[in-house]
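Enquirer: Next up is a structure, given as structure tokens.
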Amino acid sequence: MFTSIVQDLRYALRSLGRNPGFAGVSVLALALGIGANSAIFTVVNSVLLQPLRFQKPEQLMLVRERNLKAGFPEFSLSPGNYLGYRDQNHSFSGIAAFAGAGFNLAGGGEPERLRGSAVTTNFFDVLGRKPALGRNFTAQEGQLGSHRVAILSYGVWQRRFAGSRDVLGRTVKLDDELYTVIGVMPPAFQFPSRTEIWAPLAMDLKEWQQRGGHYLNAVARLKPGATIASAQADLNAIAARAEQQFPDSNSGWDTKITSLQEAAVGKIRPALWTLTAAVGFVLLIACVNLANLLLSRSAARRREMGVRSSLGAGRGRLIRQLLTESVLLAGLGAAVGLAFAWAGTRMLVTLSPDILPRAAEIALDARALGFTAAIAVLTGMLFGLAPAIHMAKADLMAALRDGGRGNAIGFRRNRLRSALVVGEVALALVLLSGAGLLMRSFYHLQSMDPGFDPHGVLTFETSLPEAKYPGKEAQAMFYQRALERIRTLPGVTAAGAAQIFPLAGDDYILSFVQVGKPPLPPGVHQSAMYYAATPGYLRALSIPIKRGRDFTERDNAAAPAVAIISESMARQFYANENPLGQRIQMGNRSRAAEIVGIAGDVRDEELESTGRPAVYEPAAQVPFGDMY
């Protein structure tokens, strides 16, 4: 049996060698189809099918808060609420908090901006991951004054420190403050997404206890036997007690628990499966095309098959020979397709690092190679079986007598080719219909008004180190001077800054009180998205002022407090009156602000979202060190 298979392979190679044009076209078509499928499978396998690279990843949950009454279906946690969930729950073995933080790395080369995370000291313990080099944070390092330690990503370790093990204990300058490197994480570990450096989340007691500002994320590990439903009920009971105890800040808030796997890949899953189906159809069309080509060749090969049959080859032997040629073609196509797949996955990762979750983990592995081998065999069988059976069923002795002429045989062959053409057109129509729907969706997405005009807008984020810019006054002065210089650059028509940016994934809400209005019932409070913005910010993004005025340089720290609200806020809280001239008090501000303008709504969460109540206050009156 083995000897006959080797003979079939040798004969198949000679047969393809005699028809290099046919072989080349077939291999190229198969390489494109199989390569596309292998590339997409590699992405799907790495992103959707492989479990997260943590210890017992099925136990890991993302904990978020929500306030449906205020229009926030999912939001970050306040520090005080996080402590309540951490200390009072019965469902989790640990809950860790983290927040985005940028660091300016200086020394040992060119200064570099690193994407970082400030994490509680139990962060890596909850995830079940240890540094590849060095150690985790200790509880003491979560205290102010002892917090200047850092753990590096594998990429930063290689890029900035040449992979030297002497990095442990080395002092580096982050935001003009000296930090000690205590560890290096393994390759591909970048949680939260694309994080390059981790430092302890250290705050004073007052900041940890505040419940009005929501800016923390939390990851938790379920205890054995606990479920998402039971954990949800557990945390919601804690939230209900907090609502009774702190009605001003916690009214309407409860929790939303999602598996970390779902939180990481849930939004991208439909797109990847749709793409998988699309490239599958492309491969099917390639198979139908090759089946047609093989049927076209069958007329020329009927005499050859007749000779083999007259020499004693049975129909099964002839079918096996023809299928061997088809599978060999598919194998050669798969070999070339693997190169296309590797290039395709690299291109996807390079072009879409922020869109594709787990991008650093995407790579051709043994499972992807096995898939490619399996699809090569299946493809060879798929496009080779019908022509092989058709050839074997033909009257091969008649082919020898009349040199291949035969109306009945030609009629059957044409009928099969017609069926293949019909199938190919049907598959193409399905693909075209899907492409049309995608183009229509893309057109609507492009024509959707986000509330601001991103064309021609450049943006970057800055984080001012406390050591160099101590106090809010120094930070406000930096942004004022920086914007003055930016506005003088050639081509700049407007420039501004704000502490959060639309569609950047930032959440910042504050509760507010309408001064002069009757007090709200106990346990009821009002919240809105909050922007601390400089003059020029709304103009730079072409966010229109519907009524009233924009901020000016006169709205500084010494001037009366002012605010601009969004149209949604005006409709929701000032439905039957003029909001201009009214006063609101944001969060724990010591003074109320007069509403001087109404700005257009902005889709600040995602394009599918609607405008939400929002308040803008001058950044000079409420300075922030981190600004866009």
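The values are calculated or read from the model by the stated rules, or taken from the named source; none is laboratory data. Small disclaimer: the values here were computed from a predicted structure and weren't measured. Please note: Cβ atoms are built from the backbone with ideal geometry, for glycine as well, and neighbour counts cover all protein chains shown. Please note that ligands, DNA and RNA were not included when accessible areas were found on the heavy atoms of the full protein model with its side chains. Shrake-Rupley method; radii C 1.70, N 1.55, O 1.52, S 1.80 Å.
Enquirer: Under a 1.4 angstrom probe, counting protein chains only, how are 567, 361 ranked by accessible area, largest first?
Expert: 567, 361
Enquirer: Let me ask something else about it. What number comes out for accessible area per residue over the stretch 53-123 if the probe is 1.4 Å? Units Å², please.
Expert: I get 41 Å² per residue for this part.
Enquirer: By the gyration tensor of its Cα atoms, with a ≥ b ≥ c the square roots of the eigenvalues, what is the shape of the stretch 559-628: rounded for a/c under 1.5, prolate for a/b over b/c, or oblate?
Expert: The shape class here is oblate.
Enquirer: List the trypsin sites (Lys or Arg not before Pro) within the stretch 548-612 that fall in a DSSP loop (any state other than H, G, I, E or B) and whose Cβ has at most 13 other Cβ atoms within 10 Å.
Expert: Of the trypsin sites (Lys or Arg not before Pro), the ones in loops of the stretch 548-612 whose Cβ has at most 13 other Cβ atoms within 10 Å are 549, 554, 591.
Enquirer: Label the stretch 70-142 by shape, choosing from rounded, prolate and oblate, from the square roots a ≥ b ≥ c of the eigenvalues of the Cα gyration tensor; if a/c is under 1.5 it is rounded, and otherwise prolate applies when a/b is larger than b/c, oblate when it is not.
Expert: It comes out oblate by the Cα gyration axes.
Enquirer: Stretch residue 244-residue 461 to full length: gain in nm at 0.36 nm per residue minus the Cα-Cα span?
Expert: Computed gain between residue 244 and residue 461 is 74.3 nm.
Enquirer: In addition: For residue 229 and residue 18, what does the FRET efficiency come to when R0 = 56 Å and r is the distance between their Cβ atoms, rounded to the nearest 0.05?
Expert: E(calc), rounded to 0.05, equals 0.25.
Enquirer: Also, quick follow-up: Determine the shape class of the stretch 172-215: with a ≥ b ≥ c the square roots of the Cα gyration tensor eigenvalues, call it rounded for a/c under 1.5, and otherwise prolate if a/b is greater than b/c, oblate otherwise.
Expert: Oblate shape, in that a/c is at least 1.5 and b/c is the bigger or equal ratio.
Enquirer: Reachable aspartates and glutamates from residue 468, Cα under 18 Å, same-chain residues fewer than 8 places away excluded?
Expert: The reachable aspartates and glutamates, counting only those whose Cα sits under 18 Å from residue 468, are 112, 175, 176, 177, 626.
Enquirer: Quick one: with all protein chains in place, what share of the accessible area of the stretch 91-189 is carbon or sulfur, to the nearest percent (1.4 Å probe)?
Expert: Here it works out to 48 percent.
Enquirer: Then there's this: Could the peptides 130-137, 153-160 be put in order, highest first, of the mean number of other beta-carbon atoms found within 10 Å of their residues?
Expert: With the highest mean Cβ count within 10 Å placed first, the list reads 153-160, 130-137.
Enquirer: Just subtract the alpha-carbon distance of residue 336 and residue 271 from 0.36 nm times their residue separation and send over the number in nm, one decimal.
Expert: Taking residue 336 through residue 271 to full extension adds about 20.8 nm, to one decimal.
Enquirer: Any idea of the accessible area per residue across the stretch 231-289, 1.4 Å probe, to the nearest Å²?
Expert: Accessible area per residue: 45 Å².
Enquirer: I need the calculated FRET efficiency for the pair residue 363 and residue 472, taking r as the beta carbon distance and R₀ as 51 Å, to the nearest 0.05.
Expert: According to the calculation, E is roughly 0.65.
Enquirer: Quick one: compute the contact order of the stretch 513-628, relative version, from alpha carbon pairs under 8 angstrom and 6+ residues apart, as a percent. Intermediate values should be presented prior to the final figure.
Expert: On the way: 191 pairs, mean separation 45.3, N = 116.
Once normalised by length, the contact order is 39 percent.
Enquirer: Mind ranking 261-273, 29-41 by how tightly packed they are, going by the mean number of other C-beta atoms within 10 angstrom, highest first?
Expert: In decreasing order of mean packing, 261-273, 29-41 become 29-41, 261-273.
Enquirer: So how much slack lies between residue 572 and residue 626, counting 0.36 nm per residue of separation and subtracting their Cα-Cα distance, in nm?
Expert: 16.4 nm
Enquirer: Another question, if that's okay. Work out the charge dipole of the stretch 1-144 with +1 on the Cβ of Lys and Arg and -1 on the Cβ of Asp and Glu about the Cα centre, then indicate which of 40, 54, 122 is farthest towards its positive end.
Expert: Value computed over the given set: 40.
Enquirer: So for the pair residue 487, residue 346, with labels modelled 7 Å out along Cα→Cβ, what separation do we get in nm?
Expert: About 4.7 nm separates the two model spin labels.
Enquirer: Then there is this: In square angstrom, rounded to the nearest 10, how much accessible surface does residue 484 have for a 1.4 Å probe?
Expert: About 90 Å², ignoring ligands and nucleic acids.
Enquirer: Here's another thing I want to ask about it. In whole percent, what relative contact order does the stretch 185-271 give with Cα contacts below 8 Å and a gap of six or more residues?
Expert: Relative contact order, the stretch 185-271: 23 percent.
Enquirer: If you don't mind, there's one more thing I want to ask. Could you pull out the pairs from 69/256; 517/546; 130/267; 56/223; 206/256; 69/517 whose alpha carbons sit more than 22 Å apart here?
Expert: Long pairs (Cα-Cα over 22 Å): 517/546; 130/267; 206/256.
Enquirer: Ignoring ligands, DNA and RNA, what percent of the accessible area of the stretch 474-574 is carbon or sulfur (1.4 Å)?
Expert: That fraction is 57 percent.
Enquirer: Taking 30 Å as R0, compute the FRET efficiency from the Cβ-Cβ separation of residue 135 and residue 106 and round it to 0.05.
Expert: Numbers: r = 25 Å, r/R0 = 0.82.
According to the calculation, E is roughly 0.75.
Enquirer: Just to be sure I understand the model, the point goes 7 Å from the Cα along the line to the Cβ. What's the resulting residue 539 to residue 90 distance in nm?
Expert: Each label point is offset 7 Å from its Cα along the Cβ direction, giving 6.0 nm.
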